[in-house]
Amino acid sequence: MLDEGMWQELCHRHGPRFAERAHLTGLIRRPDALAELILDAVRAATTRLGDHDDDLPAMRAFRGACLDYAASERLMSGAFPGSDLHAWLAERGGGDGICLAVNALESWSVELAEVLYTRFVVPLETAGVPLTRGVDWYCFAASAGTTPFGVHTDPEPSFIFNLGPAAKTAWTWPEPALPALAHGRPRTLDAQPLLPAADSVRLAPGDFLLVPAGMYHLFRNDGPSLLLGLTVYPEDPERTATDALTYETRRRTPGTVADAIGAFRDALKDDGVERAVTRGAMLRRSCGHGSPPRFPTRTPDQGPPYTVTRLPIVVAGRSVFALGRELSVELGGLAELLKPGALVGADELRDAAATPERAAVVRALIRVGVLRSVGTHHDTVLGHHC
């Protein structure tokens with residue numbers, strides 16, 4: 001699916017700042033296979049499980065340069081059937097010209113989340129790229145037109161993978177080559193006068209483009225295409241500390257303003273903020289540094305055998321951090337079974353769940369998705385179906 005050597009070289013050569021534009025041809029060897037995983041995620045994100053399912057995706061539909069709220073609403077609960085994405089956009093979105101943007105894409109599909117972490121994020125970790133603020137996996141799907149935001153910059157590097165089936169054209173401007181926009185605007189929809197000063201590149205299906213932070217850029221769809229994007233958020237020590245302090249203040253259950261001030265002061269007296277920073281990092285890593293997964297609660301348990309998640313499992317004392325959840329359990333001998341991608345059968349689980357305490361741990365691992373059912377019958381040794 002991915003030319004792993006090419007991706008690792010890019011991570012080591014350009015990381016951790018990714019300050020130079022880079023175009024890699026054929027980085028994704030099987031763009032159709034990766035696109036299919038994305039379509040599975042879109043299918044899950046747009047399918048409501050009952051009348052009271054309010055777990056909605058971060059999804060926006062643009063028509064030209066305008067956010068189409070009505071089309072966004074229709075698509076969010078439109079149950080994409082999983083065949084032709086662009087035909088569905090036209091039908092459900094209300095005509096041609098829709099550009100669909102979906103953020104936190106990996107949170108809807110365990111297969112996609114595991115592929116993106118093991119193939120793409122691990123090389124970033126290995127290259128020493130700071131991931132303390134996490135990453136965002138997103139996609140854009142459109143049949144024609146340019147980027148809805150026009151010529152613009154982003155405060156962090158953009159990692160762009162064109163999955164086709166059509167090519168895309170990209171324009172980038174070295175900062176000195178782009179005249180300052182009038183009235184201090186950070187973007188413009190009037191790209192035509194700026195194109196002669198741009199560096200253009202054609203992105204065939206499977207090609208990759210790295211756009212450094214602060215570099216002006218614009219994309220055009222040369223036909224129906226699906227873009228996979230990765231944002232690696234830069235380190236922000238002040239925000240990390242502030243988020244941890246906010247968590248600690250709320251955890252101490254303040255009621256009134258006076259209570260909140262007292263909780264704030266208490267959080268600063270001990271090591272609560274430091275512990276909250278560490279806890280947040282463990283939770284984030286257990287998601288593959290991305291968004292907390294939604295799939296464990298949306299997928300029924302069909303019993304053994306189970307496959308072990310390929311996302312990181314972080315053990316710290318009596319806590320296990322997995323798939324964005326903290327479990328107060330001790331794995332004990334169960335840790336030997338939790339090899340990424342391993343298949344765990346009924347006999348192994350029966351031995352591991354020999355006591356009520358061990359069975360409770362196994363049920364917790366199933367509930368959060370550490371153990372994912374790939375079987376067709378229920379496991380009676382766990383006491384009840386999770």
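The values are calculated or read from the model by the stated rules, or taken from the named source; none is laboratory data. The model shown is predicted, which means the values in this text are computed figures rather than measured ones. In this analysis, Cβ positions are derived from the backbone assuming ideal geometry, glycine residues included, and neighbour counts consider all displayed protein chains. Heavy atoms of the whole protein, side chains included, go into the accessibility calculation; ligands, DNA and RNA do not. Shrake-Rupley method; radii C 1.70, N 1.55, O 1.52, S 1.80 Å.
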(request) Would you calculate, for the chain, the mean residue ellipticity at 222 nm contributed by helices, counting each DSSP H stretch of 4 or more residues as -39,500 (n - 2.57) and dividing by all residues, to the nearest 500? (result) -9500 deg cm²/dmol
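Could you work out the relative contact order of the chain, using alpha carbon pairs under 8 angstrom and six or more residues apart, expressed as a whole percent?
16 percent
Quick check: residue separation of Ala335 and Ala241 times 0.36 nm, minus the Cα distance between them. What number comes out in nm? Walk me through the intermediate numbers first.
On the way: separation 94, 0.36 × 94 = 33.84 nm, distance 3.19 nm.
So the extension gain works out to 30.6 nm.
Which whole-number percent is the relative contact order of the stretch 51-190 (Cα, under 8 Å, 6+ apart)? Walk me through the intermediate numbers first.
Numbers: 132 pairs, mean separation 34.5, N = 140.
This gives 25 percent for the stretch 51-190.
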(message) I want to check the label-to-label distance for Thr126 and Ala70. Put each point 7 Å from Cα in the C-beta direction and report it in nm to one decimal.
(response) 5.1 nm
(request) Give the ranking of Thr278, Thr118 by solvent-accessible surface, highest area first, calculated with a 1.4 Å probe. (result) Thr278, Thr118
(request) For helix 272-286, report the angle its Cα long axis makes with the longest principal axis of the Cα atoms of the chain; keep it between 0 and 90° and round to the nearest 10°. (result) 80 degrees
(request) Can you tell me the FRET efficiency between Arg367 and Met1 if r is taken as the Cβ-Cβ distance and R0 is 35 Å, rounded to the nearest 0.05? (result) 0.70
(message) Sequence gap at least 6, Cα distance under 8 Å: using those rules, report the relative contact order of the stretch 177-286 to the nearest whole percent.
(response) 18 percent
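Suppose all protein chains stay in the model; what accessible area per residue would a 1.4 Å probe give for the chain, in Å²?
So the chain comes to 47 Å² accessible per residue, rounded to a whole number.
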(request) Could you work out how far helix 4-14 tilts from the main Cα principal axis of the chain, as a 0 to 90 degree angle to the nearest 10? (result) 70 degrees
(request) Could you work out how far apart the two model spin labels at Arg30 and Asp266 are, taking each label as a point 7 Å from the Cα in the direction of the beta carbon, and quote it in nm? (result) 5.4 nm
(request) Go ahead and collect, in residue order, the members of the stretch 127-142 whose backbone nitrogen is under 12 Å from a label point 7 Å along the Cα-Cβ direction of Asp154. (result) 135-140
(request) Kindly express, to the nearest 10 degrees and within the range 0 to 90, the angle between helix 356-368's C-alpha long axis and the longest C-alpha principal axis of the chain. (result) 10 degrees
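Determine, for each peptide in 10-22, 335-347, the mean count of other beta carbons within 10 angstrom over its residues, then list the peptides with the highest first.
On the way: 10-22: 16.3, 335-347: 14.3.
Taking the mean over residues of other Cβ atoms within 10 Å, the ranking is 10-22, 335-347.
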(message) Could you tell me how far the Cα centroid of the stretch 85-111 sits from the Cα centroid of the stretch 218-258, in Å?
(response) 23 Å
(request) Within the stretch 180-269, report the GluC sites (Glu not before Pro) that DSSP leaves as loop and that have at most 15 other Cβ atoms within 10 Å. (result) Glu235
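Can you give the Rg/Rh ratio of the stretch 1-151, where Rg is from the C-alpha atoms and Rh is the Kirkwood radius?
On the way: Rg = 16.9 Å, Rh = 17.0 Å.
The Rg/Rh ratio comes out at 1.00.
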(message) Probe radius 1.4 Å, ligands and nucleic acids ignored: give me the carbon and sulfur share of the accessible area of the stretch 225-312 as a rounded percent.
(response) 54 percent
